[in-house]
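The structure appears below as structure tokens.
The values are calculated or read from the model by the stated rules, or taken from the named source; none is laboratory data. Since this is a predicted model, take the numbers as computed values, not measurements. Note that we place each Cβ from the backbone using ideal geometry, even for glycine, and neighbour counts take in every protein chain shown. When the accessible area is computed, the model is the full protein with side chains, heavy atoms only, and any ligands, DNA or RNA have been set aside. Shrake-Rupley method; radii C 1.70, N 1.55, O 1.52, S 1.80 Å.
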Amino acid sequence: FHLEDLSGTVPVDLSDAKPSAGLFTLGCFVLTEGELLPTGVFKVEVLCFPPPEPREQSISLLENVRCFGPNDGTALEKTRADLLSRADEAMLIVVSDCWLDRTEVVSALEDLLDGYEAATQEQADAAAQFAFLLCGNFVAEPLACTDMYAMRAHFDKLAEVIRKRPTLAAHSHFVFAPGPKDLTLGASEALPRSRLPATFTAALRERVKHVHFASAPARLRFYGREIVVFREDLVVHTRRNAIVEPNEGESTEMSEHLVKTIVDQAHLRPSLLSNFPVFWNHDHALQLPFTPDVLVLADNYSHYEVNYEGCLAFNPGMLMAGLSWMVYRPASNTVEYSALA
């Protein structure tokens, strides 16, 4: 392995390195302490990430960077405070791995929607404060390009499921984020991933009033809270590509190591292009110039919630695994685990 910057490279010996918390992959920015041996090899003793920059400081220094739209600091904070004051009942319901080709998953989605339809008591104002974030993969097994009509049939079925809950269909917002196995425009293995093709989702656009089809990753504002959504199997893949063993003295939870890595690196996928292909002209979509309020890291890993440096990160887990999902409340900036009985 080598340390590299714009001026050159230095071979490193990591055999005795003591890493801090985090998952150190090739391509990460690191701070090291050690000894440069006469052979020209740098023997690393301490290995860590650069410290994360506080969100407020980043925003003040990067006024022209608009990750979530206009970034007029004073006006934005005033609008944010106003929105949060009206968000007491607002909820972002996050569901991952909505396998539409499995009847048991569709049945679970019906039960989930029935619960929220009943909670609105047919009141438009109540339903308007609900947003549903449905993340891929939308099929259990990847489909070939020739199976596009089967994919459309699955989304037609989902559109009908939502239509039968008229209060939600008319007043709530539904956001769809594709997963790594979903058919999208372009190579699904390369990031960022495009939104679901319109040919699949015509019925949803007809029958659901407020429906949005996001890319992966995606950014959204919900009652003033800035949220980054990314559906990718990050925990297993990042752990597999770590070049040193995680420091379990700092934490035994891989989710905590992952969240620290993403926030400290200010990037959703800090790795070499040879490991994870990226459309280089669009790599900025994976960057985090300033830390968001919330990171939704939908993953096939078990559900988790991690607070780190003012960022709330969570993974709802797979719907099929425990018939479960997570609910984010912007007023309190908290998340709750929910499951069908």
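Structural remarks
- With a requirement of 2 or more residues that are open to solvent by 40 Å² or more (accessible area, probe 1.4 Å), the strands (runs of 3 or more DSSP E) lying completely within the stretch 181-252 that satisfy it span 210-213, 218-222.
- Within the stretch 244-256, residues that are closer than 10 Å to PRO19 by Cβ have Cβ atoms under 7 Å from residues that are open to solvent by less than 40 Å² (accessible area, probe 1.4 Å) and in a loop (DSSP other than H, G, I, E, B) in these pairs: VAL244/LEU14; VAL244/ALA17; VAL244/PHE24; PRO246/LEU23; ASN247/SER20; ASN247/ALA21; GLU250/SER20; GLU250/ALA21, counting only partners at least 6 apart in sequence or on another chain.
- Cβ separations smaller than 6 Å between residues 6+ apart or across chains give the following pairs from the stretch 319-341 residues that are over 18 Å from ASN300 (Cα atoms) to residues that are surrounded by fewer than 14 Cβ atoms within 10 Å (Cβ to Cβ): ALA331/ASP88; LEU340/ASP111.
- Remark: pairs (first residue in the stretch 35-50, within 26 Å of ALA21 (Cβ to Cβ); second residue open to solvent by 60 Å² or more (accessible area, probe 1.4 Å) and outside any strand (DSSP E or B); Cβ separation under 6 Å; 6+ apart in sequence or on different chains) = PRO50/PHE29.
- Note on the stretch 257-285: residues that are assigned to a helix (DSSP H, G or I) and free of Cβ contacts under 8 Å to residues at least 12 places away in the same chain amount to 4.
- Qualifying residue in the stretch 142-149 (condition: among the acidic types (Asp, Glu), open to solvent by less than 40 Å² (accessible area, probe 1.4 Å) and assigned to a helix (DSSP H, G or I)): no
- Assessment of the stretch 256-263 against the conditions (more than 17 Å from ASP233 (Cβ to Cβ), at pLDDT below 95 and open to solvent by 20 Å² or more (accessible area, probe 1.4 Å)) yields no matching residue.
- Residue selected from the stretch 99-108 under the condition in contact (Cβ under 8 Å) with a residue 60 or more places away in the chain and within 22 Å of the chain's Cα centre (by Cα), by the criterion most open to solvent (accessible area, probe 1.4 Å): TRP99
- Pairs with Cβ under 6 Å, 6+ apart, first in the stretch 190-205 and closer than 13 Å to ALA177 by Cβ, second aromatic (Phe, Trp, Tyr) and open to solvent by 20 Å² or more (accessible area, probe 1.4 Å): ARG195/PHE213; LEU196/PHE213
- Residue within the stretch 303-323 that is within 27 Å of LEU62 (Cα to Cα), in contact with a helix residue (DSSP H, G or I) (Cβ under 7 Å, 6 or more places away or on another chain), surrounded by 17 or more Cβ atoms within 10 Å (Cβ to Cβ) and aromatic (Phe, Trp, Tyr) present: yes
- Breaking point among (1) crowded, with 16+ Cβ neighbours inside 10 Å; (2) modelled with pLDDT of 95 or more; (3) among the aliphatic types (A, V, I, L, M), for VAL41: (1)
- Evaluated against (1) surrounded by fewer than 18 Cβ atoms within 10 Å (Cβ to Cβ); (2) in contact with a Phe, Trp or Tyr (Cβ under 9 Å, 6 or more places away or on another chain), LYS157 falls short on exactly one condition, (2).
- Screening ASP299 on (1) surrounded by fewer than 23 Cβ atoms within 10 Å (Cβ to Cβ); (2) acidic (Asp, Glu); (3) closer than 23 Å to ARG221 by Cα shows it passes everything except condition (1).
- The criterion of at least 2 residues that are among the aromatic types (Phe, Trp, Tyr) and under 30 Å from ASN300 (Cβ atoms) is met by none of the strands (runs of 3 or more DSSP E) falling completely within the stretch 31-118.
- Residues (under 19 Å from the mean Cα position of the chain (by Cα) and open to solvent by 50 Å² or more (accessible area, probe 1.4 Å)) located in the stretch 160-180: HIS173
- Of the set (1) surrounded by fewer than 13 Cβ atoms within 10 Å (Cβ to Cβ); (2) within 21 Å of VAL294 (Cα to Cα); (3) at pLDDT 95 or above, all apply to ASP111 but (2).
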